[in-house]
1. State which residue pairs qualify: first residue surrounded by 13 or more Cβ atoms within 10 Å (Cβ to Cβ) and inside region 158-172, second residue part of a helix (DSSP H, G or I) in any location, beta carbons under 6 Å apart, and separation of 6 or more residues or different chains.
2. Do we have any residue at all in region 7-15 that's in contact with a Cys (Cβ under 6 Å, 6 or more places away or on another chain) and under 24 Å from Glu152 (Cα atoms)?
3. Could you list, in sequence order, the residues of region 199-221 that are outside any helix (DSSP H, G or I) and within 17 Å of Ile46 (Cβ to Cβ)?
4. Among the residues of region 80-101, count how many are in contact with a Gly (Cβ under 9 Å, 6 or more places away or on another chain) and more than 18 Å from Ile136 (Cα to Cα).
5. Determine if region 104-121 includes at least one residue that is under 14 Å from the mean Cα position of the chain (by Cα) and of a type in the set (S, T, N, Q).
6. Answer yes or no: is there a residue in region 189-208 that is touching a helix residue (DSSP H, G or I) at 6+ places or on another chain (Cβ under 7 Å) and either among the aliphatic types (A, V, I, L, M) or within 25 Å of Ser86 (Cα to Cα) (or both).
7. Would you pick out the residues in region 102-148 that are touching a strand residue (DSSP E or B) at 6+ places or on another chain (Cβ under 6 Å), farther than 14 Å from Lys170 by Cα and not small (Gly, Ala, Ser)?
8. Failed condition for Thr191, given (1) under 18 Å from Gly132 (Cβ atoms); (2) without any contact (Cβ under 8 Å) to a residue 12 or more places away in the chain; (3) of a type outside the set (Lys, Arg), with all others met?
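The values are calculated or read from the model by the stated rules, or taken from the named source; none is laboratory data. Computed from a predicted structure; not experimentally measured. Positions of Cβ are generated from backbone atoms using ideal geometry, with glycine treated the same way; all protein chains shown enter the neighbour counts.
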Amino acid sequence: MRRIAFANQKGGVGKTTCCVNLAAALAAVGKHILLIDSDPQANASIHLGVDVNTLKNSLYDVLVAGIPIEKVLIKNIRENLDCIPSSIDLSGAEVELANTVGRELILRNAIDTFASKNSYDFLLIDCPPSLGLISINSFCAVDEIFLAVQTEFFALQGISKLMEIVSLVKRRLNPALRISGVIATMVDTRTNLSREVLQDLNNFFNERLFKTTIRNNVRLAEAPGFGKTIFEYDPLSHGAQDFKSLAEEILSKNNP
């Protein structure tokens with residue numbers, strides 16, 4: 001099972017959009033996907049049509065109360081796609097776990113126990129736009145990080161801090177961790193700015209930058225409001241084409 005976290009401490013860069021729609025694209029070609037929403041804003045859960053206000057349990061209960069993942073899992077939220085939803089309660093988890101021994105590894109331990117009895121091709125985690133304890137838990141639970149980076153002026157601002165945290169987690173908690181993919185989002189190649197930022201990303205990340213870019217597409221922005229993936233909302237849109245191509249590119253490469 002490939003374990004991948006989608007991260008960027010800068011909000012509004014298309015991280016959740018990438019996580020949800022890539023999960024849907026991989027599920028559509030028969031891959032069995034487990035998506036974990038670790039963002040207290042629960043945007044990934046809402047994107048998939050989960051009513052987060054009526055949830056009995058969420059990822060918060062896994063981390064704080066030790067509830068097994070099986071009791072939180074929403075099975076077949078889409079064909080081949082299972083989901084562990086988030087809730088606003090997760091925003092208080094860092095304070096509640098402050099004095100817990102091994103608090104950085106709670107999510108990894110829960111996933112390992114669950115994965116020993118369940119088979120998936122991909123685990124995808126949508127991280128919060130911050131570098132706190134919840135993100136650290138997500139980084140400890142995966143082997144790879146995909147960065148979603150918007151092609152705008154401040155695209156690389158703050159990435160050095162994220163890479164510093166990743167390096168720290170790698171040294172102290174998770175030796176397997178690495179940034180293996182970078183997704184350029186909200187791309188408009190008609191503008192000089194987008195082209196220049198893409199060149200900067202290519203120079204900085206080299207082969208880790210995916211050739212597939214996610215173009216600016218209003219349909220991608222509209223789909224979450226209907227609780228639908230882009231493939232359900234507008235399967236003929238540029239957004240659907242881009243995520244289908246991204247899934248194909250990821251599957252065509254060996255696990256880095």
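1. From residues that are surrounded by 13 or more Cβ atoms within 10 Å (Cβ to Cβ), the pairs are Val169/Phe139.
2. yes
3. Passing the criteria: none in range.
4. 1
5. No: region 104-121 contains no residue that is under 14 Å from the mean Cα position of the chain (by Cα) and of a type in the set (S, T, N, Q).
6. No, region 189-208 contains no residue that is touching a helix residue (DSSP H, G or I) at 6+ places or on another chain (Cβ under 7 Å) and either among the aliphatic types (A, V, I, L, M) or within 25 Å of Ser86 (Cα to Cα) (or both).
7. Tyr120, Phe122, Leu123, Leu124, Ile125, Asp126, Cys127, Phe146, Leu147
8. (1)
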